[in-house]
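Every number here is computed from the coordinates shown, using simple stated rules; none is lab data. No experiment lies behind these values; they were computed from the predicted model shown. No Cβ is skipped: glycine too gets one built from the backbone with ideal geometry, and neighbour counts run over all protein chains shown.
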Amino acid sequence: MIDILLSTFNGELYLGELIESLLTQTQKDWRLLVRDDGSSDSTLKIINDYTIRFPAKIIVLEGNGERLGACHSFAALLSHSSADYSMFCDQDDVWFPEKVEKSLRKMQDMESEQKDQAILVHTDMTVVDQKLAKISDSFWKYQHLDPGLVRLNRLLTFNNVTGATILMNRRLRDIANPVPNSAIMHDWWLALVASAFGKIGACSVPTVLYRQHGANELGADRYSPKYFAARIQNLDRSRDLLKKVVEQTAEFMAIYKDKLSDEQLGLLDSFSNILKKGRLERLYILIKFKIFGSGSLRNLGMTILILLMKRIRAWEQA
C-alpha cells in the first residue's frame with residue numbers, strides 16, 4: 001500500500017485535474033490522504049465530492065481550518081501516514097499514468113540491493129504553463145540541477161529533490177518523523193535524512209506535469225543570469241534564506257547527533273557555525289567540506305553571500 005499525501009490551499013482551479021490523474025494511475029494499490037490548510041474557496045467542496053465518490057480511496061484529515069504553511073501541512077500528513085510507502089503530491093500538478101508504478105519499481109530495485117535501508121526515490125518533471133503547454137521537457141535541465149549530487153555536503157545549501165516527485169519507504173519516514181519547525185521545506189528535510197542515513201535514487205523519466213501559474217508556493221524559474229540578477233536585487237530575502245539554511249543544519253545535527261558519523265558531525269558543526277567565523281575561515285570551510293550544490297552561478301552566488309554576510313557574535317544569538 002502507498003499513501004499519497006496531498007496538502008491543499010485555495011486550489012479550486014486545478015485540484016480536479018490532479019485527482020483525476022491520480023485515479024488513472026496504472027498502480028492501483030494506493031490511498032490519498034488529504035489535509036486542507038485553511039482554504040477559503042471551493043477546495044473543500046471538491047475534496048468532499050471526490051470523497052463521496054471514492055470513499056475507499058480518499059481520506060480527509062481534520063485540519064480545523066488551521067493554516068500551517070506548505071512545509072508543516074505536509075509534515076502533519078507525513079505523521080499520519082502508515083503505509084509501506086509514502087508520496088507527496090501538489091494540488092496544481094498533473095501526474096502521468098505510470099508515475100506511481102515507475103517510482104515503485106525504482107524503489108523496489110534499490111530495496112533488493114539495500115535491505116532495511118532508508119530510501120528516497122525522486123524523478124524529473126515536465127515544466128508546463130497554466131494551460132499545460134510545455135515549457136521544458138526536463139525540470140532538472142531547466143533549473144540546471146544535478147540529481148547525482150546526493151552526499152550530505154552537496155545538499156546543505158541547495159535542495160535538488162522536488163517534493164511532488166518523492167517516493168519514500170517506511171524506514172525513511174520513521175527516521176525523518178517528526179519534521180521540525182526549523183525545516184525549510186519537507187522535501188529538503190527528507191533529502192538530508194536520506195543522504196545521511198540511507199540512499200537517494202533518481203529516475204530520469206519525467207512523471208509529473210509541473211504547472212507554473214504565478215501563484216505556486218515554490219515556482220520554477222529558468223536557470224540563467226537573469227535569475228541570479230533577481231536574487232541580487234532581493235538581498236534581504238537571500239540573507240534570510242541563508243540564515244534558515246544554517247539553522248536547519250544546526251537542528252539536523254542536534255536531532256541526529258547520536259546517529260551521525262564523526263565525519264558527518266564535523267561537516268554539520270562547521271557549517272552550522274560558519275556565520276560566526278571570519279571570511280577566510282568561512283572560505284576554508286566551504287572548500288574543505290566541498291559545500292557546493294548544482295550550477296556554477298548558483299555556487300558562486302551562495303559563496304559570495306556567505307563571505308559577505310555580517311558576522312554573528314555570541315551576544316547576537318540570544
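Partner aspartates and glutamates whose Cα lies under 15 Å from the Cα of LYS199, excluding those fewer than 8 positions away in the same chain, are identified as ASP109, GLU111, GLU113, ASP116, ASP174, ASP187. Between SER261 and LYS57, the FRET efficiency from the beta-carbon distance, with R0 = 45 Å, is close to 0.60. Between the entries [x] 28; [y] 24; [z] 20, the label attached to percent of Cα pairs over 35 Å apart calculated for this structure is [z]. Just tell me which aspartates and glutamates come within less than 16 Å, Cα to Cα, of LYS310; anything on the same chain fewer than 8 places away is out. The reachable aspartates and glutamates, counting only those whose Cα sits under 16 Å from LYS310, are ASP236, ASP240, GLU247, GLU281.
Binning all Cα-Cα separations of region 111-212 at 5 Å, short to long from zero, yields these whole-percent fractions: 2, 13, 22, 23, 18, 12, 7, 2, 0. Annotation: extensible slack from MET1 through ASP84 equals 29.3 nm (criterion: 0.36 nm per residue apart, minus Cα-Cα distance). Multiplying the residue separation of GLU20 and LEU235 by 0.36 nm and removing their Cα-Cα distance gives an extension gain of 73.3 nm.
Scoring 279-290, 123-134 by mean Cβ neighbours within 10 Å over their residues and listing the highest first yields 123-134, 279-290.
Modelled spin labels at SER112 and ASP146, positioned 7 Å past Cα toward Cβ, are 3.0 nm from each other. Between ASN48 and ILE184, the FRET efficiency from the beta-carbon distance, with R0 = 35 Å, is close to 0.65. Pairs over the 29 Å Cα-Cα cut-off, from the set LYS141/LYS277; LYS243/LYS288; LYS102/LYS243: LYS141/LYS277; LYS102/LYS243.
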